[in-house]
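The values are calculated or read from the model by the stated rules, or taken from the named source; none is laboratory data. Remember, it's a predicted structure, so these values are computed and weren't measured experimentally. Note that we place each Cβ from the backbone using ideal geometry, even for glycine, and neighbour counts take in every protein chain shown. Remember, those area values only see protein heavy atoms, side chains included, never the ligands or the DNA or RNA. Shrake-Rupley method; radii C 1.70, N 1.55, O 1.52, S 1.80 Å.
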Amino acid sequence: MLSKFLPSIVINKIIRKTTLLFLFITLSISAQTDQKIYDIINTISADNIKADIKTLTEFGTRNTFSDTISTTRGIGAARRWIKSEFDAISNNCNNCINTFYQKDFVTKKGNRRVPHDAWVVNVVAIQKGTKYPNKYIIMSGDIDSRASDTMDFTTDAPGANDNASGMAGTIEAARVLSKYQFESSIVYVGLSGEEQGLFGGAGLAKYAKENGWDIIGVLNNDMIGNITGVDGVIDNRSFRIFSEPVPANETETQRKMRRFYGGEVDGISRQLARYIHKNVKTYMPEMNPMMIYRLDRFGRGGHHRPFNDLGFAGIRIMEAHENYTQQHQDIRTENGIKYGDTFEHVNFEYAKKLTAVNAITMANLAWAPEAPKEVAIGGIVQASVKLKWNKVDGAKGYKIYWRDTTSPTWDHSRYVETTEFTLDGIVIDNFFFGVAAVGENDHESVVVFPNKIWR
């Protein structure tokens, strides 16, 4: 026996060290990470984002109804420049990106924010997946800007933060991710008409629906460059993830079932928000992702909403502390306050961080297998929970997740390599559950909340 030869104090030290080593090994095995994700974070360039924001502000105004003929001013020149940037990125990756304009005609009649009939034109760049080319993860920024009066399409409106920051982040994400190949497709898009009624998002969402796109998620980036809030807070680490609780187009039957089986905060957009939160906490622990349980800011909307309206998962990523003197304002000084969304107010290192949030989310999703389509749950009046789900092509296994009903995040998990499993000793009434597919590379799909009862 060890105790015959060593004093108890030495034995205790050995036990403590062995225990710590065991815990370290266990944590290392359970918290798998991918070096490529860290490489993506480190490659995002604040200088590139700064240069692109500067270029976008120099078009004078990017109002959706501004000049489309000039080569130096207006939304026409801006969108042609954005397309040229996507084309240049594609040239550098052996034509791995297909770039095109997608447009819809908007008329003044019936639209109080439309000063004249015009084409609302989006710039779309698609990096096709190698295994699931019809599955898409979309990152969007808005091309357009506005002055105090949204009908004023001639006054200077540089729109540095709102939303040259989101557009520049989208271009930079394309530069970095185009160096990799992914199983699912990634779409980088500049949307127009946001300030006048979310026209660009509505047009692309309709286009996606008509063309049978299987959209994994939409990441709408709208204002990702401000760290100094009108509330006096300066914060370069916090950001908000807005997500609606359940799909806007759910059926009456689904709504009624939720009363008895739960899921009122477990819609597909909310699961996408949780996925982002988890990945940020894993790969960028210095950041503070704030999941906001709301479609968007109070009473307002963003370009993810048209996708939500058609049943697609979509969220909004944006700064945590806004400065309203720099949003939707003519450039001027009043009572010592400088109004206007100008270049000097943007924090480029912060925009870099939020661009990285998008990039790692898309990379993880695009390298992951498909999510299970059907997850059944049972365990009523039992001291165990049973789940089963469809087999996913390319998945080496699955993760069963569960959490307290009041928790915003998936806090517990168990890895299995079957498509049916029973969690003994866990009462179905006290937790919420979900299942994700895990690929050979350990990348996970979004968690799927049970959508079928197993009796």
Among the residues of the range 99-118, which ones are closer than 15 Å to GLN196 by Cα and either surrounded by 21 or more Cβ atoms within 10 Å (Cβ to Cβ) or touching a Ser or Thr at 6+ places or on another chain (Cβ under 8 Å) (or both)? VAL106, ARG113, VAL114, ASP117, ALA118
Does the range 69-92 contain at least one residue that is touching a residue at least 40 places away in the same chain (Cβ under 8 Å) and assigned to a loop (DSSP other than H, G, I, E, B)? no
For the range 102-119, what are the residues that are in contact (Cβ under 8 Å) with a residue 12 or more places away in the chain and over 24 Å from the mean Cα position of the chain (by Cα)? ASP104, PHE105, VAL106, ASN111, ARG113, VAL114, PRO115, HIS116, ASP117, ALA118, TRP119
Within the range 384-399, is there a residue that is basic (Lys, Arg) and in contact (Cβ under 8 Å) with a residue 60 or more places away in the chain? yes
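Listed here are the residues, each with its yes/no results for (1) of a type outside the set (Val, Ile, Thr); (2) assigned to a loop (DSSP other than H, G, I, E, B).
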| site | (1), (2) |
| --- | --- |
| ILE380 | no, yes |
| VAL385 | no, no |
| TYR398 | yes, no |
| TYR401 | yes, no |
| LEU423 | yes, no |
| ASP429 | yes, no |
| GLY434 | yes, no |
| PRO450 | yes, yes |
Residues satisfying the stated conditions in the range 214-234, i.e. part of a loop (DSSP other than H, G, I, E, B) and surrounded by 15 or more Cβ atoms within 10 Å (Cβ to Cβ): ASP222, MET223, ILE224, GLY225, ASN226, ILE227, GLY229
Need the failing condition index for GLN181 against (1) of a type in the set (S, T, N, Q); (2) buried (at least 24 other Cβ atoms within 10 Å of the Cβ); (3) farther than 30 Å from ASN249 by Cα, just the number. (2)
Confirm whether PHE239 is at pLDDT below 95 and either under 18 Å from the mean Cα position of the chain (by Cα) or of a type in the set (Phe, Trp, Tyr) (or both). no
Restricting attention to the range 327-340, does a residue exist that is open to solvent by 10 Å² or more (accessible area, probe 1.4 Å), at pLDDT 95 or above and assigned to a helix (DSSP H, G or I)? no
With in contact with a helix residue (DSSP H, G or I) (Cβ under 6 Å, 6 or more places away or on another chain), free of Cβ contacts under 8 Å to residues at least 60 places away in the same chain and within 30 Å of VAL446 (Cα to Cα) as the only criterion, which of THR130, THR99 stands out? THR99
Pick out the one residue from SER90, SER30, SER84 that is modelled with pLDDT under 95 and within 25 Å of the chain's Cα centre (by Cα). SER30
From the list VAL381, VAL357, VAL375, which one is closer than 30 Å to TYR207 by Cα and out of contact with any helix residue (DSSP H, G or I) (no Cβ under 7 Å at 6 or more places or on another chain)? VAL375
Kindly check whether there is at least one residue in the range 413-421 that is of a type outside the set (A, V, I, L, M), part of a strand (DSSP E or B), closer than 20 Å to PRO289 by Cβ and touching a residue at least 12 places away in the same chain (Cβ under 8 Å). yes
Which one is most open to solvent (accessible area, probe 1.4 Å) among residues in the range 123-158 that are among the basic types (Lys, Arg) and either under 15 Å from SER178 (Cα atoms) or outside any loop (DSSP other than H, G, I, E, B) (or both)? LYS128
Flagged in the range 316-355 as in contact (Cβ under 8 Å) with a residue 60 or more places away in the chain and of a type in the set (S, T, N, Q), in numbering order, are ASN323, THR325, GLN326, GLN327, GLN329, THR342, ASN347, THR355
Has the range 297-315 got any residue that is more than 21 Å from ASN451 (Cβ to Cβ), without any contact (Cβ under 8 Å) to a residue 60 or more places away in the chain and either surrounded by 15 or more Cβ atoms within 10 Å (Cβ to Cβ) or in contact with a Pro (Cβ under 6 Å, 6 or more places away or on another chain) (or both)? yes
From the options PRO369, PRO285, PRO289, residue that is part of a strand (DSSP E or B) and under 26 Å from THR43 (Cβ atoms): PRO289
Mind counting the residues in the range 47-69 that are open to solvent by less than 10 Å² (accessible area, probe 1.4 Å) and of a type in the set (A, V, I, L, M)? 3
Can you go through GLY197, GLY169 and tell me which one is in contact (Cβ under 8 Å) with a residue 60 or more places away in the chain, of a type outside the set (Ser, Thr, Tyr), farther than 22 Å from ILE331 by Cβ and surrounded by fewer than 22 Cβ atoms within 10 Å (Cβ to Cβ)? GLY197
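Residues ARG270, ARG258: which one is surrounded by fewer than 23 Cβ atoms within 10 Å (Cβ to Cβ), assigned to a helix (DSSP H, G or I), out of contact with any helix residue (DSSP H, G or I) (no Cβ under 9 Å at 6 or more places or on another chain) and in contact (Cβ under 8 Å) with a residue 12 or more places away in the chain?
Just a single option satisfies the conditions, and that option is ARG258.
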